[in-house]
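The values are calculated or read from the model by the stated rules, or taken from the named source; none is laboratory data. This one's a predicted model, so the numbers in the text were calculated from it and none came from an experiment. For neighbour counting, all protein chains shown are included, and Cβ atoms are generated from backbone atoms with ideal geometry for every residue, glycine included. For accessibility, only protein heavy atoms count, side chains too; no ligands or nucleic acids. Shrake-Rupley method; radii C 1.70, N 1.55, O 1.52, S 1.80 Å.
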Amino acid sequence: MDTDTKLTDLSRENRRLAIELAETRDVLRAIRRGEVDALVSSGGDALYGIQLAALGIDKAETYVDSLVLLLRQICVAGGWQYGEAWAASSDRQSLHRTSAWYGGDSDAIRLRECIVRVLLEDADGSVPGKALKTGKTQVALAEDLSAGERKAAVTQCGFQTSVAFPVVVAGQVTAVLWLWKKEREAPDHSTLAQGESIVAGCGAMVQRKREEEILRFTVGELETAVRERAREVARLTREKGQPAPAPPPRDVSFDASHVPLLRPMLDCMSEGVVVADHYGRVVQCNRPAQEILGDDPPGSISLNLWPDVYGMYHADRVTRLDYEDMPLVKALRGLTVDRTEIFVRNGACPEGRTLEMAARPIADERGAQRGAVAVLEDVTQRRSMDDGRLQQALAQRDTLLREVHHRIKNNLAAVIELLLRHTRDEPKFQKIVEQVEPQLRAIAIVHGLKAGTDNAVRLGPLVKAVTDNIARLHGAKAEVTIADTLRGLRLLEEESVPLALVLNELLVNARKHGDGAPVEVRAAPDGETVVITVANSVANGSRVPDLNGGGAEGQGISLVRSLLPHDRASLEFENAGDRVSAIVRLAPEVFGDDPAPPGGAA
Amino acid sequence: MAAPRQKKEAGARRGASTGTTWKLRLYVAGQTPRSVAAIANLEMICQQHLEGRHEVEVVDLLKNPKLARDHQILAVPTLVRQLPEPARKIIGDLSNVERVLVGLELHPA
């Protein structure tokens, strides 16, 4: 190899090392900032050796917490998909499964439902048992397991390969980490060495947590015993007739002696309570919560699967709730969630339930977040009653509205009667009253229709009623034809009175200029628009004026044009020989979008 | 050697302003609070700085453990900018937006 080639290779290698060094420094900085979950592959053994503790194992509050962190690290680093921790008894003669586990999908619950204890004498058929017995890492395939409940569960979960790492402290196996993956391949030497290195580096830290916990438990037991002894002394003193010693000041805060009451207390609550630890694992779920959510015990279902497993939806009952939107998950991110409504529909409750949920982060006395708590309340019945009350209030409102329209109609009839009476005394007003009376009656017709059963003015009944009114007042004949599809069209509230007045004016005009033949009134669809035509014939030889803006408009036509909404309706006239047709074209916006009432409108 | 590097970085910043599609990949391991935070932070950063010009892929190493070694990932969460080149890695939960913007070269250092 010549010198140039050597220089090029060295330069390339230096560049690679420089990049690796920069990345390693980035990782260390991120670990110190507390932004990293786990280390993945080795950037050199030194990296693991130096900074494993910084991942928080030594700072974990409990033994189980430290085991979970260790499992997470070893799973992520070695590519294992599920891990659980087994603790050795003090005599090293048996292993019992702890509540520490990491990873796995919902099926992995089957593994945690299996045996919880392995005795050393039965160790030959058990992978963690062998690790306890030999103190050495054990690799096994699923088919190597002894037939039984555990093997069946492993097969159901689809796991193929397992390894058991013994946690050895001061020459003694204190725990065994049992890890699984779905690929059928024996782990290579470097993966096993890496796992053993992590366990060796952290085993002592984890064991210290266990010992601290045992000490705390012992202290609690001793405190309980001292309290019981003090009570006994007080009782005996009372029996001997001596004054009882002053009781010690009562600590009203929650102490360890209340812990056994915690679960019954939670189960007594009417609301569901779910507590998750800061890893996002459900650690408490009271009985009402289990009843509310369905038949799967929520503690066994990973939080990210809740929306699918429990069929969780937003309040609209259609949009599936995302994992991120769950109140408990928001609280795990440090957010406070006040009453949020969600809907749950699943196999246990196919008709669905409406839940009100609130969630809060849980912080310890130093302010560090330790998890989150969510409170669930089944408000299905309350919502149903609220809906019932709302329906009742709406029905009451409709009745009142109908009554108001009915009274307006009657009052308009009274006004018309008064005007007619005054006209008898003052004939000079007769012409005006003749013009006003049909207009007032047209308005009264609208209010009469609104006083009907569905509070709506529909096209068919309005056209028919206004036409009949003119026919009755002036003794004129009229033929009304309304397309079936248009009869039930609901007019917008603000358009009904103007349209009634427009029809009234066109009919009055047709009768006035007609030759006595029946006036034709037609309503027909034309594309998206509705066309109402009022046509009349004129006497032979009469002059038909041009009414399309020719300047010959009377007062009535001017009124019609002013009443029509300019952007949603148009008016034009057609002269064909001895026939004049007034054509009103109404845009779809004039009509509401609700369907015609059952059976249509007359 | 400094000149070409400056040229590439300028190119990346230009990518942010000229509509080049950014390809980002976030490596996480399970649904931990940090991985959830990283996903949320990345969504927020993309919305504010790369709206409509990015593709994000989230890789869960618990489901695909082998990908970590294939892509030389050292820790999770890690964000990798695959495009525009050169590739960049940002380690952590992306909670410090300023640091992420500098790392992605979306913001002058």
Mind checking which lysines have their Cα closer than 29 Å to the Cα of A:LYS130? Skip sequence neighbours fewer than 8 apart in that chain. A:LYS151, A:LYS181, A:LYS182, A:LYS209, B:LYS63, B:LYS66
Under a straight-distance cross-link criterion of Cα-Cα below 13 Å, which aspartates and glutamates are reachable from A:LYS59, leaving out those fewer than 8 residues away in the same chain? A:GLU212
Along the principal axes of its C-alpha atoms, what lengths does segment A:137-184 span, in descending order and rounded to whole Å? 37, 22, 14
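Rounded to the nearest 500, what is chain A's calculated 222 nm mean residue ellipticity when only DSSP H runs of at least 4 contribute -39500 (n - 2.57) each, over all residues?
Mean residue ellipticity at 222 nm (helix-derived): -15000 deg cm²/dmol.
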Ratio of alpha-carbon Rg to the 2.2 N^0.38 Å globular estimate for segment A:319-367, to two decimals, please. 1.38
Of the listed peptides A:163-171, B:75-83, what is their order by residue-averaged count of other C-beta atoms within 10 Å, with the highest listed first? B:75-83, A:163-171
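Shielding of B:75-82 by partners, i.e. mean partner chain Cβ atoms within 10 Å per residue?
5
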Report the label-to-label distance for A:ARG382 and A:ALA587 in nanometres (one decimal), using points 7 Å from each Cα along the Cα→Cβ vector. 4.6 nm
Under the Karplus relation 6.51 cos²θ - 1.76 cosθ + 1.60, θ = phi - 60°, what is the ordered set of whole-Hz ³J(HN,Hα) values for segment A:183-194, x standing for Gly and Pro? 6, 9, 7, 5, x, 6, 4, 5, 5, 5, 5, 5
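Leaving out ligands, DNA and RNA, calculate the buried accessible area for the pair B and A with a 1.4 Å probe, summed over both sides, in Å² to the nearest 100. Write down the numbers at each step before the final one.
Working: alone 6950 and 33250 Å², together 37560 Å².
The buried area between B and A, both sides summed, comes to about 2600 Å².
Taking all protein chains as present, what is the carbon and sulfur share of the accessible area of chain A, in % to the nearest whole number, probe 1.4 Å?
Working: 17100 of 31970 Å².
Answer for chain A: carbon and sulfur cover 54 percent of the accessible area.
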Distance in nm between pseudo-label sites at A:ILE362 and A:LEU419 (7 Å out along the Cβ direction from Cα): 7.7 nm
Just to confirm my numbers, what's the Cα centroid distance between segment B:39-109 and segment A:372-413 in Å? 52 Å
Quick one: compute the contact order of chain A, relative version, from alpha carbon pairs under 8 angstrom and 6+ residues apart, as a percent. 7 percent
What Kirkwood radius, in Å to one decimal, follows from the Cα pairs of segment A:408-544? 16.0 Å
If I model a spin label as a point 7 Å beyond the Cα along the Cα-Cβ vector, how far apart are those points for A:GLU572 and A:VAL233 in nm? 10.9 nm
How big is the charge dipole of segment A:333-397 about its Cα centre, in debye rounded to the nearest 20, if each Lys and Arg gets +1 on its Cβ and each Asp and Glu gets -1 on its Cβ? 100 debye
Give the peptides A:195-202, A:384-391 in descending order of average Cβ contacts within 10 Å, highest first. A:195-202, A:384-391
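Once you have the alpha carbon radius of gyration of chain A, what is it after dividing by 2.2 N^0.38 Å, with N set to its residue count? Could the numbers behind the result be given before it?
On the way: Rg = 43.1 Å, N = 602, 2.2 N^0.38 = 25.0 Å.
That works out to 1.72 for chain A.
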Could you give me the ³J(HN,Hα) list for segment A:133-146, computed from phi with Karplus coefficients 6.51, -1.76, 1.60 and θ = phi - 60°, whole Hz, x at Gly and Pro? 5, 9, x, 10, 4, 10, 10, 8, 8, 4, 5, 6, 5, 5
Give, rounded to the nearest 20 debye, the magnitude of the charge dipole that chain A has about its Cα centre when Lys and Arg contribute +1 at Cβ and Asp and Glu contribute -1 at Cβ. 1300 debye
Taking every residue in A:512-520, how many Cβ atoms of other protein chains lie within 10 Å of its Cβ, on average? 0
Ordering A:MET205, A:MET326 by how much accessible area each has at a 1.4 Å probe, largest first, what is the list? A:MET205, A:MET326
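Within 10 Å of each Cβ of B:53-61, how many other protein chain Cβ atoms are there on average?
1
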Would you kindly derive the ³J(HN,Hα) couplings of segment A:77-84 from the backbone phi angles with the Karplus curve 6.51 cos²θ - 1.76 cosθ + 1.60 (θ = phi - 60°), listing them in order in whole Hz, with x for Gly and Pro? 5, x, x, 8, 9, 8, x, 9
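Sort the following peptides by mean Cβ neighbour count (other Cβ atoms within 10 Å, averaged over residues), highest first: A:362-368, A:139-145. List each step's numbers first, then the result.
Numbers: A:362-368: 9.6, A:139-145: 14.9.
Descending packing order for the listed peptides: A:139-145, A:362-368.
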